[in-house]
1. Which count do you get for residues in the stretch 38-58 that are aromatic (F, W, Y) and touching an Asp or Glu at 6+ places or on another chain (Cβ under 9 Å)?
2. Restricting to the stretch 1-37, count the residues that are loosely packed, with under 12 Cβ neighbours inside 10 Å and touching an Asp or Glu at 6+ places or on another chain (Cβ under 9 Å).
3. Please go through the stretch 9-38 and give me each residue that is under 17 Å from K80 (Cα atoms) and either more than 16 Å from the chain's Cα centre (by Cα) or of a type in the set (F, W, Y) (or both), ordered by number.
4. Which condition does I34 not pass, out of (1) under 26 Å from K117 (Cβ atoms); (2) touching a helix residue (DSSP H, G or I) at 6+ places or on another chain (Cβ under 9 Å), if it passes all the others?
5. Return the residues of the stretch 43-64 that are surrounded by 13 or more Cβ atoms within 10 Å (Cβ to Cβ) and over 18 Å from I12 (Cα atoms); say none if nothing qualifies.
6. Which one is modelled with the lowest pLDDT, of the residues in the stretch 1-23 that are part of a loop (DSSP other than H, G, I, E, B) and β-branched (V, I, T)?
Amino acid sequence: MTDFPEIEEVHIILDEVAEEIPKEFFNKLNEGIILLPRYKLHPESRPSNKLYILGEYRKSITGRKIVIYYGSFKKVHANKSMLQLRKKLKDTLLHEFTHHLESLAGEKGLEIKDREKLERYRDE
């Protein structure tokens, strides 16, 4: 088990991962990618089986952005190697970019899949 990296190191990894994403994906993502230090629990999270939010795609009157929660990654992936953590960050970022691209296209496929996962969590 390794110590979880500090937020600055995760920020560097996140920047590297973002560099691998095609520039076209960033179209209209005017508020960019933000790494917040806190963790975030889903509103329906249960104390016995916490449901952390790793990332979110947000759209508002000021624009569009992707938020990644460092604290949630630290809680959920504390025992991962740096390589595994990088993969989880990339997976989360690509998931949120999918929400962004679907939003631009008026699609909701991933939203539906996320709702289905939440339903399974509720049924556990």
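1. Of all residues in the stretch 38-58, those aromatic (F, W, Y) come to 39, 52, 57.
Imposing the further condition that a residue be touching an Asp or Glu at 6+ places or on another chain (Cβ under 9 Å) reduces the set to 57.
Residues that pass the stated criteria total 1.
2. 0
3. Matches in the stretch 9-38: E9 only.
4. Looking at each condition in turn, I34 falls short on (2).
5. Let us first name the residues in the stretch 43-64 that are surrounded by 13 or more Cβ atoms within 10 Å (Cβ to Cβ), namely 45, 50-59, 64.
Answer for the stretch 43-64, where residues must be surrounded by 13 or more Cβ atoms within 10 Å (Cβ to Cβ) and over 18 Å from I12 (Cα atoms): S45, K50, L51, Y52, I53, E56, Y57, R58, K59, R64.
6. Going residue by residue through the stretch 1-23, those that are part of a loop (DSSP other than H, G, I, E, B) are 1-6, 20-22.
Retained after the next criterion (residues that are β-branched (V, I, T)): 2, 21.
Numbers: T2: 61, I21: 95.
If we take residues in the stretch 1-23 being part of a loop (DSSP other than H, G, I, E, B) and β-branched (V, I, T), then T2 is modelled with the lowest pLDDT.
The values are calculated or read from the model by the stated rules, or taken from the named source; none is laboratory data. Just so it is clear, the structure is predicted and the values come from calculations on it, not from any experiment. Cβ coordinates were reconstructed from backbone atoms using ideal geometry, including for glycine residues, and neighbour counts include every protein chain displayed.
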